[in-house]
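Q: Shown below is the structure under consideration.
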Amino acid sequence: MALLSILQYPDPRLKLVAKPVSEFDAALQSFCDDMLETMYKSNGIGLAATQVNVQQRIFTLDISTTLKQPKCIINPKILDRIGTIVWEEGCLSFPGVYAKVTRSAALTLEYYNIQGTPQILQADGLLAICIQHELDHLDGITFFDHLSSLKKRMLRNKLEKLRERAT
Ligand code: NI
């Protein structure tokens, strides 16, 4: 396994749209293992392939408190959405900043598992939020794109300050 490097905002590659996975092979398994390792090491609950500069429709997530329920979601498609929920989100490509985002409260997701078998998942709460956040990444959308321009400007300034402090 290997740690992957995570693109940081405003890297333009975060805006690329990922392509569907067509080969469910050993290379895919190994890439998903690397993504999970990278996600856990970074204390993230979700990571999209776009964030590690791979333009394929794959994301990993684990919202369990035990960190022992890894999921690798491939070629995801939201079939149905219900209601709205507001949650303070963060993102591994924007370390240190958080913002409230409005999402669908519950959803039905169709996806493929690592073996290439189609799956249906009903999700609500944090799981539904995480799925929408990661799926956005595969379409080149970040949580910043859901914010007002004023809020975006405030958070961009905060990010810059955090980076100055880190160097
Ligand atoms: Ni993110």
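Q: Given the pairs Lys68/Lys161; Lys71/Lys151; Lys15/Lys77, which span a C-alpha to C-alpha distance of over 28 angstrom in this model?
A: Lys68/Lys161; Lys71/Lys151
Q: Given the chain, what percent of its DSSP beta bridges are antiparallel, to the nearest 5?
A: 95
Q: Provide the descending list of Cα extents for the chain along its principal axes, expressed in whole angstroms.
A: Projected onto its principal axes, the Cα set of the chain covers 44, 38, 32 Å.
Q: Still on this model: With 10 angstrom as the radius, rank Ile78, Ile58 by how many other C-beta atoms surround their C-beta, starting from the fewest.
A: Ile78, Ile58
Q: Give the aspartates and glutamates reachable from Lys152 as a straight Cα distance under 15 Å; neighbours fewer than 8 places away on the same chain don't count.
A: Of all the aspartates and glutamates, those that pass the test against Lys152 - Cα under 15 Å, at least 8 places apart if same chain - are Glu88, Glu89, Glu160.
Q: What list do you get for Arg103, Arg165, Arg153 if you sort them by fewest beta carbons within 10 Å?
A: Arg165, Arg153, Arg103
Q: Moving to a separate point now. Mean Kyte-Doolittle of at least 0.0 and a Cα length of 15 Å or more along the axis: which whole DSSP H helices of the chain meet both?
A: Values: long enough: 26-41 (22 Å, -0.03); 125-138 (21 Å, 0.80); 149-166 (25 Å, -1.44).
Going by DSSP H runs, the hits are 125-138.
Q: Just grab the label-to-label distance for Gln29 and Asn43, each label 7 Å out from Cα along the Cβ direction, in nm (one decimal).
A: 3.3
Q: Turning to a different aspect of this structure: Compute, for segment 12-166, the length of the dipole vector about the Cα centre, with Cβ point charges of +1 (Lys, Arg) and -1 (Asp, Glu) only. Units Debye, rounded to 20.
A: 780
Bear in mind these aren't lab numbers, they're just calculated from the coordinates by the rules spelled out. What you see is a predicted model, and the numbers here were worked out from it, not measured in a lab. As a convention, Cβ positions derive from the backbone with ideal geometry for all residues, glycine included, and neighbour counts pool all protein chains shown.
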